[in-house]
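A quick write-up on the structure given underneath.
The values are calculated or read from the model by the stated rules, or taken from the named source; none is laboratory data. Since the model is a prediction, treat every value here as computed from it, not as a measurement. Because the Cβ atoms are built from the backbone with ideal geometry, glycine has one as well, and the counts that use them run over all protein chains shown. Just the protein is used for accessible areas: all its heavy atoms, side chains included, with ligands, DNA and RNA removed. Shrake-Rupley method; radii C 1.70, N 1.55, O 1.52, S 1.80 Å.
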2 protein chains.
Amino acid sequence: MLSVWLVLVSCMDFLLYSSAEEGLEFPSFDGKDRVLNVNERNYKKALKKYDMMCLLFHEPLPSDKELQQQFHMREMVLEDRCTECILTESCDLCPLGLEEEGSIYVFKDERVIEFDGELSADTLVEFLLDLLEDPVELISNPMEQRAFERMDEDIRLIGYFKGENSEHYKAFQVTAEKFQPYVKFFATFDKGVAKQLTLKMNEIDFYEPFMDEPVTIPDKPNTEEEIVDFVNQHRRPTLRKLRAEDMFETWEDDMDGIHIVAFAEEEDPDGYEFLEILKEVARDNTKNPDLSIVWIDPDEFPLLTTYWEKTFKVDLFRPQIGVVNVTDADSVWLNMPNDEALPSAEELEDWIEDVLSGKVNTEDDDDDDDDDDDDDIDDDSSDEDHYGDDDDDDD
Amino acid sequence: MLSVWLVLVSCMDFLLYSSAEEGLEFPSFDGKDRVLNVNERNYKKALKKYDMMCLLFHEPLPSDKELQQQFHMREMVLEDRCTECILTESCDLCPLGLEEEGSIYVFKDERVIEFDGELSADTLVEFLLDLLEDPVELISNPMEQRAFERMDEDIRLIGYFKGENSEHYKAFQVTAEKFQPYVKFFATFDKGVAKQLTLKMNEIDFYEPFMDEPVTIPDKPNTEEEIVDFVNQHRRPTLRKLRAEDMFETWEDDMDGIHIVAFAEEEDPDGYEFLEILKEVARDNTKNPDLSIVWIDPDEFPLLTTYWEKTFKVDLFRPQIGVVNVTDADSVWLNMPNDEALPSAEELEDWIEDVLSGKVNTEDDDDDDDDDDDDDIDDDSSDEDHYGDDDDDDD
């Protein structure tokens, strides 16, 4: 399906900052034209010239004046931010396998990587910087191993190999490039680290987010194809965190048209507590292929918070879990009357079972007597808008 | 001093997003005019009308055409993002104590809070949302206590009180509002939590970032004035993380014109290891009032990474520590030839002593035979620009 996107890649922090202090200057547009218009005739030359290039694939310029203005602003941002951003009109580059108009593609070596994240300069530049990192990070000592163990939000693989020249390590490296920057690849050549991680020579472990125990890829040593297949099969976790860098991809990967969505601020005591309960539930149900909960930390999406509160009619200043229909954004939310009444892991599991069996769903209440879909779900927060409210919860 | 800022408050994620999936729509401008021009005549009325308002204090409109355009773009963003953003021309509002032209001020209840962070919509909106949270978070059980203990990047206070009606708790609450959102305030009414935190009734502990042990505010129960004084006295930590929400304030709080700056990605094994060493050094030197190290996680400032690499001539794909002169951004960096050669805590302490004694400084090399200031410090990374480089470190 062709989504027509007309987006303004964002964050125009043009900053003419004059101060006595130096060292924190955000970039401003330097007048250098970095955006090329690419078409069927010149794209091969462009691909040869740059090690990495970033391409915005868009439809012909709109005739509407306001849209044109937005388009030019987008172009300005690309000039400001990307080293080489290349725009193309219409479908000239379809031979490259570009399908989604309005999408951003990064060309690096032989790969074409679609950027399916938040269209802000921050997120896009971070994505490009991540692509420039080594595809495999080496873990060489216990402190680095601790760092590895702390990254429990990411899908991670770690392999134990003889050294950089090992052919199995090389297969692992090639595979890593294919999944960069979405799936993290680590390796160790250190016997002590391998022992701590219970890795045998040439063995690769796959860590699902938030799980304590990894799964070992069978039949070591593994070929590139085996690793790719294994990752693709195990890629949808039981609990996944929504990340700016691939938020749209995650959202499109729904389960039969719905998402179970949990909102929880990790930096908030209630949010943290709720998240720990959620992780417990995920660990207990990791074998269930029908379950994939999307955890959203509202702190990381300040520009969406108000939109979500209005759309879902929930109060995001406290934890929430619900079912969202991705077709119409209709939703139902678990009733949690106050902060002190978080559900236990068992109660949460019962509710999730009801969701998976269809007993709890977004449609049942649509023809109810209720005028408002959500009145019975989250009474005290519906229609609440945080902007401009009195901060009176604590009195 | 009056800094003249002409900034474009950023992140114009105007998004006309049309897709089969609903639930992740970034806000677009709805046509509603939310920016008021405030002047001496109407500001009192505006202050009365809104519970919270956000004000951009700027100089009269520039005559330069390009600057005018930037100004209008800034105005558009404010309309898009803030519920009530109010612009004022020239110095009409000086009676309110506004001094820095170009700054953003938030008016909430009786307080005027200067926003001195990154001028992006993300950061500004997050700041506004943080101001709407309860000024004091309650810690009611061991899980929430764990959440509290994990927030070691922030300055935190926690007090044990009898309950919401305690006059000492109320003094604590009033103080919390004064420091919101920069300093985090927590309280517990739970005996078990208090015991775990070794808090006696009406006692308040102050946690410096990254320190294991808190300091108790003397002479409990404490008045508002005592708490304010204590926080102000202890506010500059030995190790502080640069945060988007107050980055300019932190940078302006230099130590005799310099900053000791450490770059380390927490999500990177080497960065994590380096950070742990740094924390050890900070803990050993927490009594030294002359030491305050600014830790920057480059992951959190993607738009500044290239600028820093160019300005400081360092490779930010690995950990770095150096001294930066904030007047001219001249800098010297500790020589760390490769990832496997991180300094020990002792070596780092010796280097920091040399910095504090002036033996290592940014001026000595300026008249050397070297043409390039930093050749002798970090040979293999100077003048390196990650954009467009081959990703060949791992071959």
**Asked** Extension gain B:VAL228-B:ASP109, at 0.36 nm per residue separation less the Cα-Cα distance, in nm?
**Response** 41.0 nm
**Item:** Kirkwood-Stokes translational diffusion coefficient of region B:101-260, alpha-carbon pairs, 4 °C, 1.567 mPa s, µm²/s
**Value:** 78 µm²/s
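For each pair in B:LYS45/B:LYS108; B:LYS195/B:LYS287; B:LYS241/B:LYS279, compute the distance between the two Cα atoms and list the pairs where it is over 20 Å.
Result: B:LYS195/B:LYS287 exceed 20 Å.
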**For region A:109-188, the spread of Cα positions along each principal axis, largest first, Å** = 40, 30, 16
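So, for region B:137-234, what is the accessible surface per residue at a probe of 1.4 Å, expressed in square angstrom?
Details: 4590 Å² over 98 residues.
I get 47 Å² per residue for this part.
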**Request:** Mind listing the long-range amide H neighbours of B:VAL360? Cut-off is under 5 Å, sequence gap 5 or more, other chains count too, H placed in the peptide plane at 1.01 Å from N.
**Result:** B:VAL355
**Asked** To the nearest 10 square angstrom, how much accessible area does A:GLU177 have with a 1.4 angstrom probe?
**Response** 80 Å²
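Beyond 20 Å, what share of the Cα-Cα pairs of region A:163-247 remains, rounded to the nearest whole percent? Write down the numbers at each step before the final one.
Values: 1252 of 3570 pairs.
Summing the P(r) of region A:163-247 above 20 Å gives 35 percent of all pairs.
Once neighbouring chains are kept in place and the probe is 1.4 Å, which whole percent of the accessible area of region B:137-234 is contributed by carbon and sulfur?
Working: 2170 of 4590 Å².
So the carbon and sulfur contribution to the accessible surface is 47 percent.
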**Request:** Just give the residues from region A:249-294 buried by at least 40 square angstrom of accessible area in the all-chains context relative to the isolated chain, probe 1.4 Å, and say none if nothing qualifies.
**Result:** A:TRP251, A:GLU267, A:PRO269, A:TYR272, A:GLU273
**Fill in**
Per 5 angstrom bin, beginning at 0 and ending with the bin that holds the maximum distance, the Cα pairs of region A:239-357 fall in percents of 2, 11, 23, 27, 22, 12, 3
**Message:** What does the buried accessible surface come to for B and A, summed over both chains, with the probe at 1.4 Å? Round to 100 Å².
**Reply:** 9400 Å²
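Just the accessible area per residue of region A:239-357, please: how many Å² with a 1.4 Å probe? The partial results should precede the final answer.
Numbers: 3950 Å² over 119 residues.
For region A:239-357, the solvent-accessible area averages 33 Å² per residue.
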**Item:** Nm distances between copies for B:GLU276, ranked from closest, using label points 7 Å along Cα→Cβ
**Value:** 2.3
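By how many nm would the segment from B:ASN361 to B:ASP290 grow when fully extended, if each residue of separation counts as 0.36 nm and the alpha-carbon distance is taken off?
Working: separation 71, 0.36 × 71 = 25.56 nm, distance 1.52 nm.
Result: 24.0 nm gained on full extension.
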**In nm, spacing of pseudo-spin labels at B:LYS45 and A:THR198 (7 Å Cα→C-beta vector)** = 7.2 nm
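If you build the convex hull over the alpha carbons only and average its shadow over all orientations, what do you get for region B:168-212? Give it in nm² to one decimal. Write down the numbers at each step before the final one.
Values: hull surface 14.2 nm².
In nm², the orientation-averaged hull projection of region B:168-212 is 3.5.
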